[in-house]
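> I'd like to ask you about the structure that follows.
No value in this document is a laboratory result; all are computed from the given coordinates. Here the structure is a predicted model, which means the values were calculated and not measured. Quick reminder, even Gly has a Cβ in these numbers, built from the backbone with ideal geometry, and neighbours come from all protein chains shown.
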């Protein structure tokens, strides 16, 4: 088992993108800065999507322009298509992320393209990005289940992961979008993908809809996976999955990993402060049990 675990904080993008009330740019920037102070080295900052489809991310250029340029921290920006990539290139973004799905129906409903069509486009974007010195991360949705199709074939997950990896993505994030996975299923899925892609190039992106995310992460840690996506305060969800409660809380992941003697380089107390900051602005309860317990103990 690896002794150092990399955490990819997705709160500012995945966590906020479905909020109905627009969060002011200055609040988002302050939120990102608070996350930086925790010791996080990768923070997903925004998304170059159309404001028509995701109004919350309409200030992506303003966000990017206020990120520290000479920083050791990576700020991946999601790009859904060639236009998004061109905008990211114009704004001199260093890190981008592309996202495909392991479910045909989800791909059609989410990005209005088939899996084959999306992989062809993302392969072209990735090669262009690398040519311009960008780093590209790949996401795969619905690796453990789809809201429309139910169970997703492992062969489909492996096929999509392999295509993104061969296109040049430095890392492939395996997403349980609706949080239906269980430890055995999660482990089998990662083992299947490992047969084609080095474990060092894989990341976990588990939602906690059914309360299984930590158990799934723990099961996959045994395989040697060392990168986890999570969202502070458990922010986020999936508009395509009714009742989906969002990403696994970063605080929970850090508490578990530190308790196992693994290193993350993240200050848990500062992380809890960052989560409380955004929850107070959103006027909603913190979804992290670790944060709730810690704040109660310290009050």
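> Give me the Kirkwood hydrodynamic radius of the range 31-81, using the inverse of the mean 1/r over all pairs of distinct Cα atoms, in Å to one decimal.
One over the average 1/r among Cα pairs gives 11.6 Å for the range 31-81.
> Between residue 4 and residue 108, what FRET efficiency follows from the Cβ-Cβ distance if R0 is 35 Å, with the result rounded to 0.05?
Computed FRET efficiency for residue 4 and residue 108 comes out at 0.35.
> Exposure proxy check: 210, 170 ranked by fewest other beta carbons within 10 Å?
The order, fewest Cβ neighbours first, is 170, 210.
> Just subtract the alpha-carbon distance of residue 149 and residue 18 from 0.36 nm times their residue separation and send over the number in nm, one decimal.
So the chain would gain 44.9 nm between residue 149 and residue 18.
> Extent of the range 152-233 along each principal axis, from alpha carbon coordinates, in Å, largest to smallest?
Projected onto the principal axes, the Cα atoms of the range 152-233 cover 33, 26, 22 Å.
> Give me the tail of P(r) for the range 122-260 as a percent: Cα-Cα pairs with distance above 19 Å.
On the way: 4724 of 9591 pairs.
Every Cα pair in the range 122-260 considered, those over 19 Å come to 49 percent.
> Here's something else I'd like to know. Hey, rough spin-label estimate for residue 182 and residue 37, points 7 angstrom out along Cα→Cβ, what's it come to in nanometres?
Computed distance between label sites residue 182 and residue 37 equals 4.3 nm.
> Treat the count of other C-beta atoms within 10 Å as a stand-in for reagent exposure and order 50, 299, 230 from fewest to most.
299, 50, 230
> Calculated FRET efficiency, residue 91 and residue 269, Cβ-Cβ r, R0 22 Å, to nearest 0.05?
Working from the Cβ atoms, E equals 0.05.
> What is the spin-label model distance, in nm, from residue 223 to residue 196 if the labels are put 7 Å beyond Cα along the C-beta direction?
For the pair residue 223/residue 196, the computed spacing is 1.3 nm.
> In the calculated pair distance distribution of the chain, what percentage of Cα-Cα distances lie above 28 Å?
Summing the P(r) tail past 28 Å for the chain gives 31 percent.
> Quote the relative contact order of the range 6-298 in percent (integer), defining contacts as alpha-carbon pairs under 8 Å separated by 6+ residues.
Value for the range 6-298: 18 percent.
> R0 = 30 Å: FRET efficiency of residue 131 with residue 27, Cβ-based, nearest 0.05?
With R0 = 30 Å, the Cβ-Cβ based efficiency is 0.25.
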